[in-house]
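These notes are about the structure you will find just below.
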Amino acid sequence: QVQLVESGGGWVQPGGSLRLSCTASGSILSITEMRWYRQAPGKAREWVAIITRLGSTNYANSVKGRFTISSDNAKNTVYLQMNSLKPEDSAVYYCHVLPSDSWGQGTQVTVSS
């Protein structure tokens with residue numbers, strides 16, 4: 001099993017930036033993919049970005065060009081750099097890994113003026 005802890009959320013004004021972190025522990029050698037999801041109040045959880053063990057990345061259209069996912073294997077950590085933030089980016093952001101299907105507890109991101 002894999003345990004995940006997210007951090008880095010907070011409040012930021014529109015146009016600002018935040019960097020989220022997700023640190024994994026446990027059976028980390030089994031991880032093949034790490035993903036970020038988000039869920040806004042009253043909405044379904046949606047996929048945001050993915051990075052594979054080989055370093056391939058992909059993004060939801062809504063964040064492409066503004067968000068960057070990266071990893072530091074030495075620290076067992078995946079990051080989500082979020083730039084040019086918009087109010088519609090406000091949500092709880094979750095880290096998720098495969099194949100264990102493990103989820104973190106989430107970190108709140110609020111974008112408002």
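The values are calculated or read from the model by the stated rules, or taken from the named source; none is laboratory data. The model shown is predicted, which means the values in this text are computed figures rather than measured ones. Using ideal geometry, Cβ is built from the backbone for each residue, glycine included, and neighbour counts are taken over all protein chains shown. Please note that ligands, DNA and RNA were not included when accessible areas were found on the heavy atoms of the full protein model with its side chains. Shrake-Rupley method; radii C 1.70, N 1.55, O 1.52, S 1.80 Å.
Residues of region 51-89 that are open to solvent by less than 20 Å² (accessible area, probe 1.4 Å), of a type outside the set (Asp, Glu) and not in a loop (DSSP other than H, G, I, E, B): Ile51, Phe67, Ile69, Thr77, Val78, Leu80, Met82. Within region 1-12, take every residue that is more than 19 Å from Ser100 (Cα to Cα) and touching a Leu at 6+ places or on another chain (Cβ under 8 Å) and give me the one that is most open to solvent (accessible area, probe 1.4 Å). Going through the qualifying residues, I end up with Ser7.
Assessment of region 21-36 against the conditions (at pLDDT 95 or above, farther than 11 Å from Val97 by Cβ and not in a strand (DSSP E or B)) yields no matching residue.
Would you point out which residue out of Ser102, Ser71 is without any contact (Cβ under 8 Å) to a residue 40 or more places away in the chain, out of contact with any Pro (no Cβ under 6 Å at 6 or more places or on another chain) and of a type in the set (Ser, Thr, Tyr)? Residue meeting the stated conditions: Ser71. Filtered by the rule that a residue be surrounded by 14 or more Cβ atoms within 10 Å (Cβ to Cβ) and part of a loop (DSSP other than H, G, I, E, B), region 39-50 gives Ala40, Arg45.
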